[in-house]
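See below for the structure under consideration.
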Amino acid sequence: LPCPTDRLVLQMSAEALLEGDTVTLRCRGWQHNLVTEVRFYHNEKELWGSHGGTELSLSPLQLHHSGRYHCKAKVGSKQSAWEKSAPVTVTVHGEHPTAGTLI
């Protein structure tokens with residue numbers, strides 16, 4: 001869990017993720033601080049097209065989506081400096097064979 005002193009937090013749902021699922025990452029300011037100019041990163045590489053919105057949806061999930069994500073944004077006033085969230089780890093599991101399949 002992020003430390004309460006972090007001004008920027010990256011949130012995601014906590015359930016197990018399988019290939020084909022959808023997960024949404026949300027970049028939020030702590031205590032509802034305004035967040036602008038959001039950028040998302042996967043394994044330290046900036047994701048193309050992630051500028052602007054505070055959410056990033058990964059769908060359909062594939063194994064290569066696994067890794068560490070963080071966001072950077074300006075928090076608070078328009079003259080604020082860039083801040084970086086603590087990373088979150090996304091782990092995508094392969095589809096499990098259907099239970100009870102007859103061979």
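The values are calculated or read from the model by the stated rules, or taken from the named source; none is laboratory data. Everything quoted here is computed from the prediction, not taken from an experiment. Glycine gets a Cβ as well: all are built from the backbone with ideal geometry, and neighbour counts include every protein chain shown. SASA here: full protein model, heavy atoms, side chains in, ligands and nucleic acids out. Shrake-Rupley method; radii C 1.70, N 1.55, O 1.52, S 1.80 Å.
So the values come out like this:
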read-out: Residue within segment 73-83 that is within 15 Å of the chain's Cα centre (by Cα), over 24 Å from G94 (Cα atoms) and not acidic (D, E) present; value: yes
read-out: Residue pairs meeting the criteria (Cβ under 8 Å; at least 6 apart or on separate chains; first under 22 Å from S85 (Cα atoms), in segment 10-29; second open to solvent by less than 60 Å² (accessible area, probe 1.4 Å) and among the aromatic types (F, W, Y)); value: L10/Y69; M12/Y69; L25/F40; L25/Y69; C27/F40
read-out: Strands (runs of 3 or more DSSP E) contained entirely in segment 22-65, each with at least 1 residues that are among the acidic types (D, E); value: 35-42, 55-58
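For every residue, the table says whether it meets (1) modelled with pLDDT of 95 or more; (2) open to solvent by 80 Å² or more (accessible area, probe 1.4 Å).
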{"residue": "P2", "(1), (2)": "no, no"}
{"residue": "D6", "(1), (2)": "no, no"}
{"residue": "L10", "(1), (2)": "yes, no"}
{"residue": "A14", "(1), (2)": "no, yes"}
{"residue": "R28", "(1), (2)": "no, yes"}
{"residue": "V35", "(1), (2)": "no, no"}
{"residue": "R39", "(1), (2)": "no, no"}
{"residue": "S50", "(1), (2)": "no, no"}
{"residue": "H64", "(1), (2)": "yes, yes"}
